[in-house]
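Structure first, commentary second.
The values are calculated or read from the model by the stated rules, or taken from the named source; none is laboratory data. Since this is a predicted model, take the numbers as computed values, not measurements. Here the Cβ is made from the backbone with ideal geometry for all residues, glycine too, and neighbour counts use every protein chain on show. Side chains included, ligands, DNA and RNA excluded: accessible areas come from the protein's heavy atoms. Shrake-Rupley method; radii C 1.70, N 1.55, O 1.52, S 1.80 Å.
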Protein chains: 2
Amino acid sequence: MIERVNSLLMKNCLLDSKRPTLIGVSGGPDSLCLLHIMDRLGYRLIVAYLDHALRSDSSRDADHVRQITADLGLPFCSERVDVAGYAEAHKLSLEEAARIVRYMYLFKLADQQNAQAVVVGHNADDQVETVLMHILRGTGLAGLRGMSYRSVPNTWHNRIALVRPLLGVWREEVDNYIESNGLNPVTDVSNWDSRFFRNRLRHELVPYLEDYNPQVRKLIWRMASTLEEDFNVISKQVEIAWDESVVQESGAYIGFDTQFLRNQAGGIQRHLLRRAIYQLLPNLRDADFTAIERAVDFLNSPANYGRCDLLAGIYLLLEGERVWIATSAGDLPTIIWPQISKDQVYNLPVPGELPLESGWSLSAENGLGPEQVGDLIYANANQFHVYLDAQSINPPLLIRSRRPGDRFKPIGLDGHSIKLADFMVNVKLPRRARDHWPIVISDREIVWVSGYRLAEPFKVKTGTRCIVRLILSRESH
Amino acid sequence: MIERVNSLLMKNCLLDSKRPTLIGVSGGPDSLCLLHIMDRLGYRLIVAYLDHALRSDSSRDADHVRQITADLGLPFCSERVDVAGYAEAHKLSLEEAARIVRYMYLFKLADQQNAQAVVVGHNADDQVETVLMHILRGTGLAGLRGMSYRSVPNTWHNRIALVRPLLGVWREEVDNYIESNGLNPVTDVSNWDSRFFRNRLRHELVPYLEDYNPQVRKLIWRMASTLEEDFNVISKQVEIAWDESVVQESGAYIGFDTQFLRNQAGGIQRHLLRRAIYQLLPNLRDADFTAIERAVDFLNSPANYGRCDLLAGIYLLLEGERVWIATSAGDLPTIIWPQISKDQVYNLPVPGELPLESGWSLSAENGLGPEQVGDLIYANANQFHVYLDAQSINPPLLIRSRRPGDRFKPIGLDGHSIKLADFMVNVKLPRRARDHWPIVISDREIVWVSGYRLAEPFKVKTGTRCIVRLILSRESH
């Protein structure tokens with residue numbers, strides 16, 4: 001048994017026996033067994049006890065653990081917290097409140113004591129019960145893998161590992177160790193109280209399932225162990241996809257590249273959306289399955305625009321080349337677009353430059369002849385650099401935002417005129433950006449919807465002698 | 001309900017209503033409901049019934065289904081198979097035998113009828129029961145995702161899809177449909193027979209779990225649906241890793257690139273090893289968890305050589321740059337190495353060429369001066385092209401395999417001599433290849449362990465005027 005735990009400590013838990021390690025000891029068989037074995041293996045232990053104040057005799061247990069620690073000559077810390085009060089204040093179950101209060105205490109202490117890890121006594125049966133509990137409450141890969149031998153960062157700390165060396169040891173083996181070493185654990189009455197969901201699993205559900213298959217505990221343990229590896233594979237893929245597809249993020253929104261997100265496998269899309277939601281609402285208990293399904297369906301629909309409410313005020317906004325997951329509180333960013341004040345008209349001399357918001361600018365160059373720009377002038381391949389016939393305009397050009405009734409003759413439609421509003425929809429110009437989009441005007445006619453399309457009357461023709469180049473650009477940041 | 005199924009058929013099952021579709025109808029509520037709905041939706045159905053001959057009155061059910069089919073004006077096929085006999089002959093449970101016989105029949109028929117798919121009536125409750133059954137029997141991601149709306153290729157056919165449109169419909173909804181449409185299903189007595197594991201799950205375990213959480217069926221269904229996506233993500237990764245890491249395969253062995261396999265995440269390694277085992281033994285029921293764990297531990301140990309027995313006569317052989325998963329029956333390939341007959345000595349004239357086995361050859365070139373080969377001659381970076389001082393050898397060179405007592409002065413050891421046998425171990429020359437490895441000899445002294453190391457006395461020195469180049473190469477294939 002000691003050898004087994006030693007091997008788990010070295011191979012799975014990666015602990016350094018010479019660095020201080022905080023061990024949470026409830027006084028029950030698991031933590032007592034772990035304390036005893038790690039002490040014999042020469043680990044530098046600091047013993048911590050949290051009195052949950054859930055039973056009138058709980059301070060007696062504290063004394064018991066203190067005595068055991070003193071016998072081993074180890075440092076001892078303890079604290080008494082009103083878990084029932086905490087549960088009521090935070091609307092939590094007693095079990096959940098106890099768990100949170102306990103880990104907060106252990107990691108606070110570990111941080112103060114400069115410990116490498118918090119070690120706790122969960123055993124293989126606890127693992128099986130945890131997996132079953134997750135299944136009963138609804139879960140995915142993250143829950144099915146159960147607990148880990150070592151996890152860092154974890155919910156409680158970024159640097160200090162949460163370590164569970166006994167995850168590979170069955171309760172029966174712990175009990176045998178306790179007995180054969182004459183150890184004297186406290187008997188936690190709550191273990192026999194079916195009030196706690198987990199205890200009901202332990203004492204009723206697991207034996208019931210063993211009636212179907214006597215091997216079921218072992219099989220569920222192995223399932224969790226295999227799924228932990230699968231989870232790691234997926235997490236790595238999600239990590240890569242996140243880095244590649246998230247274009248912008250703040251505490252109030254996360255912006256994805258639409259095309260990139262759509263090209264991901266369904267499983268990765270779901271994980272990315274779930275991660276975005278959790279990042280915006282870290283305290284969310286459960287990213288509801290139906291919300292994620294709704295988001296995935298919406299995202300993959302042919303629509304390029306629209307809003308889809310997800311949960312808890314979080315919505316998905318599909319906006320051309322961006323998909324936003326955002327809280328209702330946050331203003332989405334517009335700095336990715338060239339924008340101008342809605343009610344003002346600006347002059348753009350030729351040549352000249354006009355700075356816009358957020359580092360964008362419009363500029364005009366003249367004095368170019370057809371020989372200098374070659375075939376480029378006909379191709380108009382780059383919508384951010386367009387070429388016009390200098391004779392067709394009347395400088396200075398005016399820059400303003402759109403107005404009701406604006407019409408426009410996009411190049412390529414044989415001089416046919418369409419509503420600017422329709423054009424903006426057709427080219428998927430982001431809805432939020434339309435009212436502030438810079439439009440280039442000459443003699444009351446639209447010359448260029450900047451960044452999108454030149455107007456037919458202003459294009460370079462075969463007889464054009466003198467060419468003006470308009471440039472929409474942004475300083476790199 | 002019809003709309004729901006129509007949407008599942010189009011979105012999840014991808015069926016073409018104009019192409020023939022084979023539907024397996026037992027006459028129970030699920031298949032009857034599916035038959036009725038798909039017929040109303042205008043699918044071109046062929047009805048198939050398999051009489052399992054498990055009950056004395058089973059031919060009455062056949063007549064019932066035949067009558068329903070006739071009323072709908074659809075083609076009907078049926079067959080009677082002795083499932084009990086098949087179960088005994090193949091040492092299967094009745095349920096397992098019935099399943100195999102049924103699908104074999106349905107796909108044989110679908111093939112004959114040129115059907116696009118075999119459609120069966122599994123519902124959402126069946127899905128939940130399947131997942132629970134897998135958990136109780138031990139499973140991983142593949143089993144936890146349950147059944148799929150559409151799977152092709154599948155166990156039964158490479159081209160014809162197995163389709164389950166009702167996977168998203170609960171048994172209660174099916175029953176409501178049956179009732180409100182006045183349909184008349186057969187009552188399969190085996191449904192109420194706890195002899196079948198699945199029936200015990202349905203009538204005992206699921207209600208028991210609902211006592212823990214009334215939502216549990218829905219939650220398990222969703223879990224399976226999410227895991228299906230995760231499974232697809234992992235499968236794709238495994239596919240990529242397989243293509244990149246499998247160097248050779250036959251019906252008796254699969255050879256991996258050691259380094260590539262070791263660099264994979266643990267989860268991917270396990271999937272690759274499991275896939276290799278299943279490919280060698282397609283009828284294996286279960287690639288045992290412990291065998292895979294043993295293989296992974298062995299693979300990742302620092303050892304570069306050795307054999308690890310896995311299961312059912314399959315072993316893992318770690319051999320330097322190759323990892324083999326092989327059946328005890330199969331001879332592993334040696335064609336990846338240059339090999340010669342063990343008892344013969346060959347001449348290699350200078351200049352000249354000597355063909356070896358499997359497209360390999362050794363050749364010698366002369367007439368090179370230091371100015372032609374530059375610094376290459378000192379670097380010896382490419383162990384397949386080495387340069388020697390022409391004056392140090394006495395042509396023709398001899399090529400032979402190793403002999404007991406052979407010693408050798410590897411370059412870089414200051415002319416120190418070591419046993420050839422030790423050298424081969426040190427450089428991890430594959431054990432199976434050592435006895436047939438071509439060694440280059442001049443005047444009884446080892447000049448070159450081809451592909452590995454030149455001997456010190458033959459190297460190019462500062463005063464060397466004339467250089468010989470030896471090349472070990474293989475024609476590309």
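Equivalent ellipsoid of region A:386-436: semi-axes from √(5λ) of the C-alpha gyration tensor, largest first, are 21, 15, 11 Å. A dipole drawn for chain B from +1 and -1 charges on Cβ atoms has a positive end, and of B:PHE408, B:PHE260, B:ASN426 the residue lying farthest that way is B:PHE408.
Note that region B:121-138 has calculated 3J(HN,Hα) couplings of x, 4, 10, 4, 5, 4, 4, 4, 5, 4, 4, 4, 4, 4, 4, 5, 9, x Hz, one per residue in order, obtained from phi through the Karplus relation 6.51 cos²θ - 1.76 cosθ + 1.60 (θ = phi - 60°); glycine and proline are x. Here the dipole of the protein assembly as shown is about 1360 debye; that uses its Cα centre as origin and unit charges on the Cβ of Lys and Arg (positive) and Asp and Glu (negative). Diagonalising the gyration tensor over the Cα atoms of region A:202-264 and scaling each eigenvalue by 5 before taking the square root yields semi-axes of 41, 14, 9 Å, largest first.
Can you tell me what the convex hull of the Cα atoms of region B:111-168 projects to on average, as an area in nm²? For the Cα atoms of region B:111-168, the hull's average projected area reads 4.2 nm².
Expressed in Å, the radius of gyration and Dmax of the Cα atoms of chain B are 32.8, 103.
With no solvent and one point per C-alpha, what does the Debye sum give as log10 I(q)/I(0) for region A:31-111 at q = 0.11 Å⁻¹? Values returned for q = 0.11 Å⁻¹ are -0.33.
Share of carbon and sulfur in the accessible area of the protein assembly as shown stands at 48%, probe radius 1.4 Å. For B:CYS308, the point set 7 Å out from Cα toward Cβ sits 4.4 nm from its twins in the other copies, listed from shortest up. The mean accessible area for residues of region A:199-341, using a 1.4 Å probe and ignoring ligands and nucleic acids, is 41 Å² per residue.
A Cβ-based charge dipole, computed about the Cα centre of region B:122-215 with Lys and Arg at +1 and Asp and Glu at -1, lands at about 640 debye.
Computed from backbone phi with θ = phi - 60° and the Karplus coefficients 6.51, -1.76 and 1.60, the 3J(HN,Hα) list for region B:210-227 is 5, 5, 6, 8, x, 8, 4, 4, 4, 5, 5, 4, 5, 4, 4, 5, 5, 5 Hz; x is used for glycine and proline. Between amide H atoms placed 1.01 Å from N, distances below 5 Å from A:SER78 occur with A:TYR49, all of them 5 or more places distant or on a separate chain. In region B:1-146, taking the dipole from charged Cβ atoms about the Cα centre, the farthest positive-side position among B:LEU14, B:PRO29, B:ALA70 is held by B:LEU14. A Förster distance of 51 Å, applied to the separation of the beta-carbon atoms of B:GLU365 and B:GLU239, puts the FRET efficiency at 0.70. Charges were assigned to the Cβ only: +1 to each Lys and Arg, -1 to each Asp and Glu. The resulting dipole of chain B about its Cα centre is roughly 980 debye.
The calculated 222 nm mean residue ellipticity attributable to helices in chain B amounts to -11500 deg cm²/dmol, summing -39500 (n - 2.57) over DSSP H runs of n ≥ 4 and dividing by all residues. Sorted from closest to farthest, the other copies place their A:GLN259 label points 3.6 nm away, with each point set 7 Å from Cα along Cα→Cβ. Pairs from the table (B:LYS419/B:LYS461; A:LYS108/A:LYS236; B:LYS11/B:LYS218; A:LYS218/B:LYS11) lying more than 27 angstrom apart at Cα are A:LYS108/A:LYS236; A:LYS218/B:LYS11.
Based on alpha carbons, the Rg and Dmax found for region B:31-177 are 15.8, 45 Å.
Placing a label point 7 Å from Cα along the Cα-to-Cβ axis, A:PRO207 is separated from the same position in the other copies by 2.1 nm, shortest listed first. Couplings 3J(HN,Hα) for region B:413-429, derived from phi with the Karplus relation 6.51 cos²θ - 1.76 cosθ + 1.60 (θ = phi - 60°), are 9, 6, x, 5, 9, 10, 5, 4, 4, 5, 4, 4, 5, 4, 8, 6, 5 Hz, where x marks Gly and Pro.
Nearest 10 degrees is fine. How inclined is helix B:289-300 to the longest principal axis of chain B, computing both from alpha carbons? It works out to around 20 degrees.
With the convex hull constructed from alpha-carbon coordinates only, the protein assembly as shown shows a mean projected area of 57.7 nm² over all directions.
Among the trypsin sites (Lys or Arg not before Pro) within region B:233-308, those in coil by DSSP and having at most 14 neighbouring Cβ atoms inside 10 Å are B:ARG285. Taking all protein chains as shown and a probe of 1.4 angstrom, A:SER250 keeps an accessible surface of around 40 Å².
Of the residues A:ARG80, A:ARG171, A:ARG444, ranked by 1.4 Å probe accessible area with the largest first, the sequence reads A:ARG444, A:ARG80, A:ARG171.
Summarising the amide proton neighbourhood of A:LEU310: residues at separation of 5 or more, or on other chains, whose placed amide H is nearer than 5 Å comprise A:TYR315, A:LEU316.
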